[in-house]
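Worksheet: one structure, shown below.
What follows draws every value from the coordinates through simple rules; no lab data is involved. Keep in mind it's a predicted model, so treat the numbers as computed, not measured. Here the Cβ positions follow ideal geometry from the backbone for every residue, glycine too, while neighbour counts run over all protein chains shown.
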Amino acid sequence: MSVQPDVPVPDEHPPPRIDTTVPHSARIWNYWLGGKDNYPVDREAGDAYLHISPGIVETARASRYLLARFIRYLTGEAKIRQFLDIGTGLPTVDNTHELAQCAAPDSRIVYVDNDPLVLAHARALLTGTSPGTVDYIDADLRDPDRIIAQAAKTLDFDRPIALMLMGILGHIDGYDLARSLVRRLVDALPAGSYLALYDGVEGNAASHQALDDYSSRGAVPYHLRSREEIVGFFDGLDLVEPGVVPLSEWRPELPNLDPPTVTALGGIGRKVR
């Protein structure tokens, strides 16, 4: 019997190439949340933003608290058991699948992102999860048809799905394009599905100055929207009370004792038909 020599087997998933010379929003957000998955270039950009607009840290934290409240509503009152989370960013505590499966163990979650560092963490994140219940797609929000086709391998598009767009739409240049992408994704969902999103809202001059500086450092630009534009993402859907509001005002579990400085709005809408 002949013995074949050892032949190196190509890595089916080669290590992602991470550019540490350009700041990235997921890593900057991780820095603001107190994480360690970031580089000097991210911390430099994050500190520069903070110098101009210090309220961004409160917005980052409020967005995590909002995600938890969104998931509790969707798994509880709305009885949703499928989640499509696009632009998930770097894993931190209380990720979508952890929150959803804690409340409803049979929940299925598909994450979507196109950042190499997020991809590397996603592989580790998925290790040990039950087969078929959590998946990750390396894709861009600008390619909704690919996202839908890949997500259908894990999610049942004949049953209600919660589409999560948490702070990602601001990276789309042009409101008409952003709105068309939301519409394409929502159109693929069955009746009874939900859209949950938040995004940065136009505010004071400091916010715009901070974003201009952020973009000048080579990061992917982030575009603030008006309140009317953010509400427009929910056209054709039934808004869940209290509607599109500052993050800390969406069904808070504790009273807001201080005036909110969060410069983002969020809400949930239900697809009726």
In whole Hz and in residue order, list the ³J(HN,Hα) couplings for the stretch 168-181 that follow from phi through the Karplus curve 6.51 cos²θ - 1.76 cosθ + 1.60, θ = phi - 60°; x for Gly and Pro. 9, 5, x, 7, 8, 7, x, 5, 4, 5, 4, 5, 5, 5
Can you pull out the chymotrypsin sites (Phe, Trp or Tyr not before Pro) in the stretch 133-194 whose DSSP state is coil and whose Cβ has at most 15 other Cβ atoms within 10 Å? Phe157
Which FRET efficiency, nearest 0.05, do Asp143 and Asp176 yield, Cβ-Cβ r, R0 25 Å? 0.90
Spelling it out for Val240: with amide H atoms placed in the peptide plane at 1.01 Å from N, the residues 5 or more places away or on another chain with amide H under 5 Å from its amide H are Ile268, Gly269, Arg270
Separation between the Glu228 and Arg61 pseudo-spin-labels, each 7 Å from Cα along Cα→Cβ, expressed in nm? 3.5 nm
Hey, can you grab everything whose amide H is under 5 Å from the amide H of Val134? Only 5+ residues off in sequence or another chain; H modelled, so Pro and N-termini drop out. Ile109
In nm, to one decimal, how far is the modelled label at Val22 from the one at Asp156, with both set 7 Å along Cα→Cβ? 4.2 nm
Those GluC sites (Glu not before Pro) in the stretch 33-97 that DSSP places in a loop and that have at most 12 other beta carbons within 10 Å: Glu77
